[in-house]
Amino acid sequence: MSTVDVIIPTYKPDIALLRLIDDLERQSVRPSKVIIMNTEEKYWDDLLSKSKENPQEKYDNIVVEHVTKAEFDHGETRNRGVSHSDADFFLMMTQDAFPRDKVLISSLLKVFDDSDVAAAYARQYPKSDCNLAERYSRKFNYPTEPMKKTQADIPRLGIKTYFCSNVCAMYRRSMFDELGGFIHKAIFNEDMVYAGTACKKGYAICYVPEAGVIHSHNYTCAQQFHRNFDIGVSQTEHPEIFAAVSSETEGKKMVSQTIGHFKQMGKAYLIPHYIVMCGCRWLGYKLGRNYRKLPKALLPKLSLNKEYWL
């Protein structure tokens, strides 16, 4: 039987992380290891002191490695997590995503019966406090139909061909090693760069809606700006993946459909704020795409990942 490890980067983890670990341990396919890549050891110690519960004492399969904030990198920290794994497959998750049921791991694992599949990602469901715009974006980005995406789908799907989210995505270890893992320095999009590389090498990326996690954010306009600045930077730094496909077409389609959704619901009063937020996203993205033309001292102020520029 195939083995699966779970890898979770954490920063300032709270009690919810312990619930996530419990949920993973109760999966129908139990992970061989749950590998925590924690940023700043003091925050892990804080969690243990507040919870009075140590997952490494509760379970026999927990591995914890600490990195400093200066060391953390979206790609390389995850690569270090993979180095602790000797399983056939590994599941990347974030500390704020929770399995919707007990078959998350088994549902993702099934699609790897197809030997072409390099990675598979789960459907994301909104939290109960999720705002309507973010709730609709989940519906837009995570439909009900499964997809197997290859390089041949570029004319039809565009940038969505390479979409894959490390909020919850499973990888075939042998292909991961063959492709060289995640990029070693990543401000963002380490998952999409990997997916694009895999597709270009002739492999497939699967979307598995039967595998579900609860995950959403109510970002402020400022947070949207900083996040999209980093997205723009990552796309500029990896023209081998993003130069031939435009992400703006999909963005415009989502904006148009979201506004239509608000009107249909009789909530047109939400549109002005949504348009302002979209403007912040667009401005952040455009600045990120042109970051090389900006003063270097300004870049950490525009970015969500300030340590990246040190």
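The values are calculated or read from the model by the stated rules, or taken from the named source; none is laboratory data. No experiment lies behind these values; they were computed from the predicted model shown. So basically every Cβ, Gly included, is an ideal-geometry build from the backbone, and we count neighbours across all protein chains shown. Calculation scope for accessible area: heavy atoms of the full protein, side chains included, ligands and nucleic acids excluded. Shrake-Rupley method; radii C 1.70, N 1.55, O 1.52, S 1.80 Å.
Expressed as a whole percent, the accessible area of the chain that falls on carbon and sulfur atoms is 54 (1.4 Å probe).
Roughly how tilted is helix 190-200, in degrees to the nearest 10 and between 0 and 90, from the longest Cα axis of the chain? Orientation of helix 190-200: about 90 degrees from the principal axis. Across the chain, C-alpha contacts under 8 Å between residues 6 or more apart give a mean separation that, scaled by the residue count, equals a relative contact order of 20 percent. For the chain, the square roots of the Cα gyration tensor eigenvalues, ordered a ≥ b ≥ c, give a/c below 1.5, which places it in the rounded category.
The overall shape of segment 206-310 is prolate: from the C-alpha gyration tensor, with semi-axes ordered a ≥ b ≥ c, the ratio a/c is 1.5 or greater and a/b exceeds b/c. Simple point charges give the picture: +1 on the Cβ of Lys and Arg, -1 on the Cβ of Asp and Glu, and for the chain a dipole about the Cα centre of about 1460 debye. Mean residue ellipticity at 222 nm, helices only, the chain: -12500 deg cm²/dmol; runs of at least 4 DSSP H residues each add -39,500 (n - 2.57), and the sum is divided by the number of residues. For segment 47-118, the gyration tensor built on C-alpha atoms gives an oblate shape. Its axis ratio a/c (a ≥ b ≥ c) is at least 1.5, and a/b is not larger than b/c.
Here segment 144-212 is assigned +1 on the Cβ of each Lys and Arg and -1 on the Cβ of each Asp and Glu. Its dipole about the Cα centre then comes out at about 180 debye.
Listed cross-link partners Lys102/Lys267; Lys286/Lys306; Lys110/Lys201; Lys69/Lys201 are compared with a 24 Å cut-off, the Cα-Cα value being larger for Lys102/Lys267; Lys69/Lys201.
Between the residues Phe98, Leu294, Thr77, the greatest Cα displacement towards the positive end of the dipole of the chain, with unit charges on the Cβ of Lys, Arg, Asp and Glu, is found for Leu294.
When the chymotrypsin sites (Phe, Trp or Tyr not before Pro) in segment 1-87 are filtered for DSSP coil states and for at most 10 other beta-carbon atoms within 10 Å of their beta-carbon, no site remains.
Taking K and R as +1 and D and E as -1, what net charge do the other residues with C-beta under 9 Å from the C-beta of Pro209 add up to?
-1
The residues of segment 107-172 present an accessible area of 42 Å² per residue when probed at 1.4 Å with all protein chains retained. Volume of the convex hull of segment 40-178 (Cα atoms only), normalised per residue: 172 Å³. Enter the angle in degrees (range 0 to 90, nearest 10) between the Cα long axis of helix 248-264 and the first principal axis of the Cα atoms of the chain, meaning the one along which they spread out most. So the inclination is approximately 80 degrees. Relative to the longest principal axis of the Cα atoms of the chain, the long axis of helix 15-25 lies at roughly 60 degrees.
Step through the table entries Lys127/Lys160; Lys160/Lys252; Lys12/Lys301, compare each Cα-Cα distance with 19 Å, and write down the pairs that go over it. Over 19 Å apart, Cα to Cα: Lys127/Lys160; Lys12/Lys301. Using a probe of 1.4 Å on the protein chains alone, the accessible area found for Glu248 is around 60 Å². How big is the antiparallel share of DSSP beta bridges in the chain, given as a percent to the nearest 5? Of all bridge pairs located within the chain, approximately 35 percent are antiparallel.
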